[in-house]
């Protein structure tokens, strides 16, 4: 059975924060309203990934305190689910995490601000980042599509279809450390594929789910670190497209595991 070797390949050298791993679990398995994950299933999943039950309990307490998840009791078992706020955050990231292709806008717009004091600049940077803009330089942002009607007041905007990114901007969008992280993950995916040498159907439901979660978690930690742009906006040696293909090939190979399967497999 390749599961232990695959788990080692996916966790080697990775700093797994339990609370973040649990966010990935809910984002992959329970992001729809009304879906709950029983405590024993969460514990079994995280234990399969090498996380101690005590660490899982601490992480769940933190996520409840932060408003990401809530829980209810049914007899002796706690059932956990995303709050409305947690679901909103999870869904905001879902499109990027599971997209098989990068965006392909047909037009763009650039927004530019006038002089601002540091607090004003910081506030506007946060507003533009939350709206999905890419910072070009101080006070200038790039957005897909035509200029929206709700652009913050006081910004100059210009629309156009052509996009020319100089090398300095491409390197800013994908600094060497990020490209290196992508290549390291690509090597991890290659090792995982080699070690997953048998039909994934031969794995237990718990092992398949744990491997899938670790794959999604590793990809999520990469793809959310940079702007959501076409691959052509990054440096010529950008490995993102290649890694995306390897990631989805492995997800397709594993398939999805239902909560019902996991509830049958997890100890009561």
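What follows is calculated from the coordinates using simple rules that are stated; it is not laboratory data. These numbers come from a predicted model, not from an experiment. FYI the Cβ positions are ideal-geometry reconstructions off the backbone, even for glycines, and counts take in every protein chain you see.
Every Cα-Cα pair of segment 201-248 was included, and the share exceeding 16 Å stands at 50 percent. Relative to the longest principal axis of the Cα atoms of the chain, the long axis of helix 118-130 makes an angle of roughly 60 degrees. Quick check: Cα centre of segment 38-62 to Cα centre of segment 1-22, how many Å? Using only Cα atoms, the two centres lie 14 Å from each other.
For segment 176-225, what number results from the quotient of the Cα radius of gyration and 2.2 N^0.38 Å?
On the way: Rg = 12.6 Å, N = 50, 2.2 N^0.38 = 9.7 Å.
In units of the 2.2 N^0.38 Å rule of thumb, it is 1.29.
Once C-alpha pairs closer than 8 Å and six or more residues apart are averaged by separation and normalised to the residue number of the chain, the relative contact order reads 27 percent.
Each Cα pair of the chain feeds into the Kirkwood radius, which the Stokes-Einstein equation turns, at 37 °C and 0.692 mPa s, into a diffusion coefficient of 160 µm²/s. Taking every alpha-carbon pair in segment 14-122 and binning the separations at 10 Å intervals from zero gives 12, 35, 24, 16, 10, 2, 0 percent. With Rh defined as the Kirkwood radius, the inverse of the mean 1/r over Cα pairs, the Rg/Rh of segment 108-160 is 0.92.
For 128, 263, 7, the sequence from fewest to most other C-beta atoms within 10 Å is 263, 7, 128. Once you reduce segment 74-119 and segment 122-140 to the center of their Cα atoms, the two points are 15 Å from each other. Among 69, 211, 97, sorting on how many other beta-carbon atoms sit within 10 Å of each Cβ, with the fewest leading, yields 97, 69, 211. Helical content of the chain, expressed as a calculated mean residue ellipticity at 222 nm, amounts to -16500 deg cm²/dmol (DSSP H runs of 4 or more residues, -39,500 (n - 2.57) each, divided by residue number, nearest 500).
From largest to smallest, the equivalent ellipsoid semi-axes obtained for segment 121-187 from the alpha-carbon gyration tensor read 27, 15, 11 Å.
Between the Cα long axis of helix 53-65 and the first principal axis of the chain there is an angle of about 40°, rounded to the nearest 10.
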